[in-house]
2 protein chains.
Amino acid sequence: MDPLDGKVIGCLLHNARATFAEIGAEVGLSAPAVKRRVDRLVASGAIRGFTALIDPDVLGWQTEAYVELYCKGTVAPEELRRSLERVPEVVGAATVSGTADALVHMLASDVKQLERALERIRDEPNVDHTRSVIVLSRLIDRPRT
Amino acid sequence: MDPLDGKVIGCLLHNARATFAEIGAEVGLSAPAVKRRVDRLVASGAIRGFTALIDPDVLGWQTEAYVELYCKGTVAPEELRRSLERVPEVVGAATVSGTADALVHMLASDVKQLERALERIRDEPNVDHTRSVIVLSRLIDRPRT
DNA sequence: GATGAAATTGCCTTGGG
DNA sequence: CCCAAGGCAATTTCATC
């Protein structure tokens, strides 16, 4: 990852649908040179993909929660990931320091759907109990710059 | 937003660099028809933009934390937002139910940078104290599907 | 559908190891 | 000397009217 790769990534973070020529004009490369770099960054996994930023209200998924997960005994992170990734309402999850084992970020259309998803998580054999806070209003949601 | 718009958004969430023809093949429309819908969704604000998903390790911002914020007395959400948005390490924030007033998601290059950012937050006049958990390993990070 | 722009590919050049 | 990376040009595909 040289400094040019960083600039290319910066352009794509700002607008993932920019043409290679536009990116090239920003960073000082020809369009094919940019394409080759982007292809390489995707192949190497540095760029995981491209996505759209959607106004959450439009999707109608307005009920958001952060859930602390407490497990029974010791659970491997990989095992936890497998349990959580089957629940589509889970948009993020990470193992954390402190008394909880993991912090899970969930998004659902309403409280009812959130409750059903929570039940699915609690039913996992390695999950002991959960502790949730509901999001009242989202203050900041920056795309990882 | 009819069901076709939903499908179009689904395609763009999956791959923001898909061509209009590719999206059309998925959803059963011609390329120009898809373009008109995408243009309309962008103009209406339903699609806020397009971005790349970058492996956080590559950016070198590997230190991540979730911080519960406890305020003095009652603080308006808007006031809290103004305080937090001046700290670039804050990538997300929301007011929440429970004993904490807000949950703040932070990303920094290392623990030292994280600590400095936390100090800035604690120095805000309306902040009483904070309680942080550090992310050990990220299990899931789904683009809002 | 037609026209112009963009993506993609092959080939050659150049600079650094 | 070889390899990695870039530019140029030709072709195919896409965007756009």
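The values are calculated or read from the model by the stated rules, or taken from the named source; none is laboratory data. Everything quoted here is computed from the prediction, not taken from an experiment. Positions of Cβ are backbone-derived with ideal geometry, glycine not excepted, and every protein chain shown enters the neighbour counts. These accessible areas exclude ligands, DNA and RNA; they are computed on the full protein's heavy atoms, side chains included. Shrake-Rupley method; radii C 1.70, N 1.55, O 1.52, S 1.80 Å.
Pairs spanning more than 25 Å between alpha-carbon atoms, out of A:K7/B:K7; B:K7/B:K35; A:K7/A:K35: A:K7/B:K7.
Using C-alpha pairs below 8 Å separated by at least 6 residues, the relative contact order for chain A is 23 percent.
Distances, shortest first, from the label point of B:R116 to those at the same position in the other copies read 4.8 nm; the point lies 7 Å along Cα to C-beta.
Can I get the semi-axes of the stretch B:46-145's equivalent ellipsoid? Compute them from the C-alpha gyration tensor as square roots of 5 times the eigenvalues, in angstrom, largest first.
Working: eigenvalues 114, 59, 33 Å².
The answer is 24, 17, 13 Å, longest axis first.
Just to confirm the number: angle between the C-alpha axis of helix B:111-122 and the first principal axis of chain B, 0 to 90 degrees, nearest 10? The angle comes out at about 80 degrees.
Excluding A:S109 itself, what net charge comes from residues whose Cβ is under 12 Å from its Cβ, given Lys and Arg +1 and Asp and Glu -1? The partial results should precede the final answer.
Working: positive: A:K112, A:R116; negative: A:D57, A:E64, A:E89, A:D110, A:E115.
Residues close to A:S109 contribute a combined charge of -3.
With the label put 7 angstrom out from Cα along the Cα-to-Cβ vector, B:P3 ends up 5.4 nm from the copy partners, going from closest to farthest. Per residue, the protein assembly as shown exposes 50 Å² of solvent-accessible protein surface, assessed with a 1.4 angstrom probe and all protein chains in place. Annotation for the stretch B:106-140 versus the stretch A:83-132: alpha-carbon center distance of 23 Å. Structure remark: mean-square fluctuation, Gaussian network model of chain B, C-alpha springs under 10 Å; the largest value among B:L29, B:L80, B:L69 belongs to B:L29. Counting only aspartates and glutamates at least 8 places from A:K72 when in the same chain, those with an alpha carbon closer than 18 Å to its own are A:D101, A:E119, A:D123, A:E124, A:D128. Between 0 and 90 degrees, the angle of helix A:31-44 with respect to the longest Cα principal axis of chain A falls at about 30 degrees.
Mind running the shape call on the stretch B:11-77? Use the C-alpha gyration tensor, a ≥ b ≥ c as the square roots of the eigenvalues: rounded below 1.5 for a/c, prolate if a/b tops b/c, oblate otherwise. Let's see the in-between values first.
Numbers: a/c = 4.41, a/b = 1.87, b/c = 2.36.
Taking the square roots of the gyration eigenvalues as a ≥ b ≥ c, the stretch B:11-77 is oblate.
If I build a Gaussian network model for chain B, linking alpha-carbon pairs within less than 10 angstrom, which residue out of B:L84, B:L107, B:L59 has the largest mean-square fluctuation? Among B:L84, B:L107, B:L59, the largest GNM mean-square fluctuation belongs to B:L59.
Pairing the Cα long axis of helix B:3-14 with the longest principal axis of chain B, what angle in degrees results, from 0 to 90 and rounded to the nearest 10? The angle comes out near 60 degrees.
Find me the longest stretch of chain B that has none of the exposed trypsin sites (Lys or Arg not before Pro), where exposed means in a DSSP loop (not H, G, I, E or B) with at most 14 other Cβ atoms within 10 Å. Value returned for the longest uninterrupted segment is B:1-71.
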